[in-house]
Amino acid sequence: MELYQFSITTVLLLLAAFYGGTYFLTTFIKKDQEDTDAFMVSNQRIGFGMGAASMTATWIWAASFYAAATSGYTYGVSGPLHYGLWGALMILFIYPFGRRFRSLAPKAHTLGELIHARHGSSSQLILAFSNLLGSIISLMVNFTAAGALVAVLSPLSFQAGIIIAGVGVLSYTLWSGFRASVFTDFAQLVALMAIAIVIIPAVLFSMGGPSVMLDGFSNLNAEQVDLFSMEAILKQGAPFFIAVLAYAIGNQTISQRLFAVNEKHIKSTFLTATLGYGAIVIGLGMIGLMALTLGVEPINGEVNNLIPQMVSTYLSPFFIGLFFILVIGSLSSTADSDLSALSAIVMADVYGKNLARGKVDPKRMLFIGRMTMVTATLIGVILASYSFDILVMLVFVGALWGAIVFPVIASCYWDRITNTAFTSAVLSGLALFCVSRFELLPMSGATGLIFELMAFVGAGVVIGLMAFGFFGKWVGIIAGIIATLAMTYFATGLLREYTVLLSSLVAYGASTLVCVAISLASNERFDFDLINERVEHYDDREELNTEAVSIPNRLAEEQ
């Protein structure tokens with residue numbers, strides 16, 4: 001079978017309507033002279049509604065609901081739950097640590113600035129590099145999704161879709177930066193929710209309703225009908241759960257919103273975003289489960305075609321058009337966040353803290369931020385047009401983020417963490433991750449046992465940090481010890497069979513052991529009050545302070 005295709009004119013009109021409307025919204029933000037602090041974090045004045053909508057829209061990207069549908073198709077009932085639930089918790093787990101980050105550096109724009117004030121340039125640049133690489137990859141993935149969607153649903157080429165998406169996102173983000181991203185996220189999320197609420201039940205009832213879907217459960221195997229399937233837990237749920245904390249701490253698109261939201265709204269913002277993300281993504285993942293119960297075979301064996309295939313098969317052209325807007329809106333909301341994150345990292349971490357040498361020129365900083373967006377878009381379009389296999393790069397980014405979790409969090413609570421401990425821990429965690437992930441040494445015998453022990457420590461670190469964030473130090477320590485002992489008892493000799501899970505936990509465990517060992521060997525103590533003194537706003541031009549607050553800022557503050 002072939003998927004339904006729109007005419008070139010229809011697709012161009014849909015894209016023009018979406019990007020034209022989004023650009024029109026940003027005209028309410030523009031000022032003759034932009035403020036660098038507003039460009040990066042909206043002067044820390046984003047309100048609850050805007051903040052929660054932006055956080056939700058940013059993490060509902062094209063890959064997320066395609067992957068959720070794949071999970072439902074592959075693992076059955078528990079698949080969408082594993083993907084949506086743990087992805088939602090990724091947003092939640094930044095909240096308790098985020099309060100600490102904000103209290104230490106209330107004027108920060110990036111997490112890297114806080115680490116620079118704590119340790120210096122080397123630790124900060126490790127964090128900045130991981131975020132630059134991660135955001136470029138994310139940008140490439142979103143442009144690739146746009147190209148694939150346009151190529152599947154219209155006669156236009158893959159490359160044409162990539163270029164249109166790149167130019168469209170850049171057009172409305174370039175001038176006002178992060179504020180444009182947040183303001184348009186609100187409108188994009190409303191559209192995403194409205195369309196998802198319509199499309200999911202429309203597919204269900206067009207295929208025959210709940211009764212047909214329930215009848216199809218007889219076609220599933222025992223693991224696929226089991227809500228607590230061990231196969232789904234070990235192959236998807238556990239690795240994704242382990243990645244939750246790494247993404248929460250390591251990703252600038254999250255920390256940028258953390259530093260931008262009004263401090264009194266942090267809790268409500270991230271709790272609401274957690275619920276919103278989970279509900280929408282789990283719902284979209286159910287389309288994959290519907291396909292599984294009906295015995296649908298993905299076109300060309302490509303599971304990423306499942307959602308467009310189901311929509312094209314069971315819905316009218318009107319609903320297919322809504323689906324087209326759903327995907328374009330989801331990938332654009334994430335792509336503009338990636339551009340904002342990239343510009344903030346280069347502006348603050350690279351220029352502000354390293355190249356400027358204490359003499360920051362706000363106008364030059366803004367120019368650098370905008371040129372970063374243009375350059376990043378160009379790189380993203382070029383990489384996407386080559387359809388590179390991004391798996392290896394994603395593996396390295398995930399490992400790097402996993403290796404930095406304990407050093408970053410510990411640096412904000414424990415005054416004995418040193419710069420040497422931080423950098424050594426991250427590099428050691430990344431190196432040992434590569435050894436286990438790519439099996440550079442055989443994971444058997446004594447070698448396999450050593451790596452499993454490091455992984456068990458990593459499991460204790462993940463559980464311990466999560467418990468510590470919400471319940472305090474002693475609960476975290478006890479939970480971490482129990483998790484480590486439980487893993488040692490139940491998973492010795494077993495964990496090495498699950499390479500992805502083993503290597504992810506090794507990154508956590510190895511970096512933690514090295515960080516603690518080197519820190520205990522030092523007698524240095526750090527005064528946390530110095531962080532607030534070292535992290536300041538960049539733009540204090542008087543002509544900007546006298547300007548009226550823009551409409552989006554007023555809306556954000558009033559919420």
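The values are calculated or read from the model by the stated rules, or taken from the named source; none is laboratory data. In this text, all values refer to a predicted model and were calculated from it rather than measured experimentally. Cβ atoms come from the backbone with ideal geometry, glycine included; neighbour counts cover every protein chain shown. Just so you know, the surface numbers come from the protein's heavy atoms only, side chains and all, with ligands and any DNA or RNA stripped out. Shrake-Rupley method; radii C 1.70, N 1.55, O 1.52, S 1.80 Å.
Taking the numbered list (1) over 23 Å from TYR23 (Cβ atoms); (2) out of contact with any Cys (no Cβ under 6 Å at 6 or more places or on another chain); (3) outside any loop (DSSP other than H, G, I, E, B); (4) at pLDDT 95 or above in turn, ALA425 passes all entries but (2). Of the residues making up the stretch 435-446, those that are at pLDDT 90 or above and in a helix (DSSP H, G or I) are VAL435, SER436, GLY445, ALA446. Residue count for the stretch 174-202 satisfying the condition of being at pLDDT 85 or above and crowded, with 21+ Cβ neighbours inside 10 Å: 13. Within the stretch 435-447, the only residue that satisfies the criterion of being open to solvent by less than 60 Å² (accessible area, probe 1.4 Å) and touching a Lys or Arg at 6+ places or on another chain (Cβ under 8 Å) is MET443. Note on the stretch 422-434: among residues that are open to solvent by 30 Å² or more (accessible area, probe 1.4 Å) and among the aliphatic types (A, V, I, L, M), the one that is nearest to ALA403 (Cα to Cα) is LEU430. One residue alone among ALA62, ALA69 is among the aliphatic types (A, V, I, L, M), at pLDDT below 85 and open to solvent by less than 10 Å² (accessible area, probe 1.4 Å), and that residue is ALA62. Of the listed requirements (1) over 29 Å from GLY120 (Cα atoms); (2) open to solvent by less than 70 Å² (accessible area, probe 1.4 Å); (3) at pLDDT 95 or above; (4) β-branched (Val, Ile, Thr), ILE450 misses just one: (2). Here THR10 meets each of (1) open to solvent by 20 Å² or more (accessible area, probe 1.4 Å); (2) in contact with a Leu (Cβ under 9 Å, 6 or more places away or on another chain) with one exception, condition (2). Among residues of the stretch 339-355 that are closer than 15 Å to SER181 by Cβ and touching a residue at least 12 places away in the same chain (Cβ under 8 Å), those with a Cβ under 6 angstrom from a residue that is among the hydroxyl-bearing types (Ser, Thr, Tyr) and open to solvent by 10 Å² or more (accessible area, probe 1.4 Å), sequence gap 6+ or separate chain, pair up as LEU342/THR372; SER343/THR372.
Of the helices (runs of 4 or more DSSP H) lying entirely inside the stretch 216-315, those containing at least 2 residues that are of a type outside the set (Lys, Arg) and crowded, with 21+ Cβ neighbours inside 10 Å span 238-250, 252-260, 266-294, 306-314. Total residues in the stretch 427-484 satisfying the condition of being in contact with an Asp or Glu (Cβ under 9 Å, 6 or more places away or on another chain) and of a type in the set (Ser, Thr, Tyr): the figure is 0. No other residue among TYR95, TYR75, TYR83 is of a type in the set (Phe, Trp, Tyr) and either in contact with an Asp or Glu (Cβ under 8 Å, 6 or more places away or on another chain) or closer than 23 Å to ARG357 by Cα (or both) apart from TYR75. One residue stands out among those in the stretch 454-480 that are aliphatic (A, V, I, L, M), more than 23 Å from the chain's Cα centre (by Cα) and under 23 Å from THR492 (Cβ atoms): the one that is surrounded by the most Cβ atoms within 10 Å (Cβ to Cβ), which is ALA455.
Here is a list of conditions, (1) under 30 Å from GLY448 (Cβ atoms); (2) touching a Ser or Thr at 6+ places or on another chain (Cβ under 9 Å), and THR512 meets all of them except one; can you say which number that is? The one condition THR512 does not meet is (2). Can you confirm whether the stretch 159-172 contains a residue that is at pLDDT below 90 and buried (at least 24 other Cβ atoms within 10 Å of the Cβ)? Looking for residues that are at pLDDT below 90 and buried (at least 24 other Cβ atoms within 10 Å of the Cβ), one finds none in the stretch 159-172, hence no. Out of all the residues in the stretch 307-341, which are aliphatic (A, V, I, L, M), more than 22 Å from SER206 (Cβ to Cβ) and touching a Phe, Trp or Tyr at 6+ places or on another chain (Cβ under 6 Å)? The answer is ILE328, LEU331.
Taken over the stretch 460-491, residues that are closer than 22 Å to ARG437 by Cβ and either outside any helix (DSSP H, G or I) or touching a residue at least 60 places away in the same chain (Cβ under 8 Å) (or both) amount to 2.
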